[in-house]
1. Across the chain, how large is the tail of the calculated P(r) beyond 27 Å, expressed as a percent of all Cα pairs?
2. May I ask you to sort 78, 373 by Cβ crowding, counting other Cβ atoms within 10 Å and putting the fewest first?
3. Roughly speaking, what is the centre-to-centre gap between segment 1-31 and segment 266-280 when only Cα atoms are used, to the nearest Å?
4. Convert each backbone phi in segment 229-238 into a coupling constant with the Karplus relation 6.51 cos²θ - 1.76 cosθ + 1.60 (shift: θ = phi - 60°), then list the ³J(HN,Hα) values in order as whole Hz, x for Gly and Pro.
5. Exposure proxy check: 327, 320, 384, 334 ranked by fewest other beta carbons within 10 Å?
6. Can you work out the FRET efficiency for the pair residue 278 and residue 304, with r the C-beta to C-beta distance and R0 = 22 Å, to the nearest 0.05?
7. Would you kindly derive the ³J(HN,Hα) couplings of segment 66-75 from the backbone phi angles with the Karplus curve 6.51 cos²θ - 1.76 cosθ + 1.60 (θ = phi - 60°), listing them in order in whole Hz, with x for Gly and Pro?
8. Can you give me the angle between helix 324-337 and the longest principal axis of the chain, using Cα atoms only, in degrees from 0 to 90, rounded to the nearest 10?
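Read-outs throughout are calculated quantities, based only on the coordinates presented, and are distinct from any laboratory measurement. Computed from a prediction, not measured in an experiment: that's the story for all the values here. Reconstructed Cβ throughout: ideal geometry from the backbone, glycine too, with neighbour counts over all protein chains shown.
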Amino acid sequence: MKAFRGEILSVPEDPAGAGAEAVRHVADGLLVVEDGLVVACGARAELAGRFADLPTERLDGLIVPGFVDAHVHYPQIECIASHGEQLMQWLERHIFPAEKAFADRGHADLVAAFFLDELLRHGTTSALVFATVHAGSVDALFEAALARDMRIVSGKVLMDLGPEGLRDTVASGRADTEALIARWRGRGRLGYAVTPRFVPTSSREQLADAGRLVAEHPDVLMHTHLSENPGEIAFVAERFPEAADYLDVYDRFGLVGPRSVFAHCVHMSGRALSRMAEAEAGIAFCPTSNMFLGSGLFDLALVDRHRVRLGIGTDIGAGTTLSVLHTLGEAYRTCQLRGASLDPFRALHLATAGGARVLGIGDRVGALLPGQEADFVVLDDSATPLLARRSAGASLHDRLFALQVLGDDRAVAATYLRGRRAHPPGPSGRMSA
Ligand SMILES: [Zn+2]
């Protein structure tokens, strides 16, 4: 058993529903960890007696739960900042050629290792990740995640209507998915997601089979894209004139349920959001990606009216940063343009416990509650001269907001996985009694 001493902040419940009590903050706190799990977390004055003789590591900075990235594509990391297109043309011109390279397992291994190390450097400890159509791209990611002990959920992309060289078939998509689930089930902290890319790249037969795969495996997620770009939505409406809307296409194939995570949901009807709430499906809000591709402005107030579960995604490579912290600043700006105001504590909730719930891992990570895995980040609110100046003497609310607006990987002093420092490498911090 070991203790970490420092300022600790977590937001286990959504302040939009639970109010100010949702925020847990101690200026001088103890986080007690045994075998990678949180034993206790609270004010040092209250816990010091119980844990008096424990070896204690002093952490300078704000300790928060590790970030949860609810939607990101690891094979697109090298395509970040690709200029000049909206969704469908951007996929054709930049993304599909890059994803073809993942037929080579060696390439996949190199990119997966780089990607996961970058996640840790940005304070992200859990993520729901798109791989490519190649089964080997998932093996590469899972092997690298297992070696780092990260909580990663991913799956082979189903896309039997994809471009030449990135196409599977209904049969091969099922066979690869089944083999991957069998190969990786129960290993480390990994999880599987049945992953149809989106409606335009799958046949009716494949969407139906994806629905069957989800039904046959109660421990897997369903991960896809929904209502991102007007051109995409028009394409789907033309192919499925019988469907009420884009969500309804997925629904007709059994793909809308409590284990479903839909990235984007920028252009949504009240009907679709009601249906999502009823089905307990989740949304990954990806503000930097929506801005970058000119997709539109996510409507948080509308989503809130329907009480749909929500997490935050960076959506690399259309997203412009792997920093969930910086993404929260972009989420704030998106909400401003929609006439809403995103509270910084709520933003932190969405990026931790809220996202974890959307990914079905809310009992394991996201809130530093006793029994949860001790994945956490130490934030430095004086990481840059400007951040230090803005944060000096400021309230917790203002410091947290400044971290979201001005912060990025520079503000992540350290990242811990199950109580062990994963970033930066090297000997850990100073010990004190
Ligand atoms: Zn995406």
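1. Details: 45689 of 93528 pairs.
Roughly 49 percent, rounded to a whole number.
2. Values: 78 14, 373 26.
Fewest-to-most Cβ neighbours within 10 Å comes out as 78, 373.
3. Each part's Cα centre sits 31 Å from the other's.
4. Per residue, the Karplus-derived 3J(HN,Hα) values read 10, x, x, 5, 5, 5, 4, 5, 5, 5 Hz.
5. Numbers: 327 30, 320 19, 384 15, 334 23.
Ascending Cβ contact count within 10 Å gives the list 384, 320, 334, 327.
6. Using R0 = 22 Å, I get an efficiency of 0.90.
7. Calculated HN-Hα couplings, in order: x, 6, 10, 8, 7, 6, 7, 10, 5, x Hz.
8. With both axes taken from Cα atoms, the answer is about 70 degrees.
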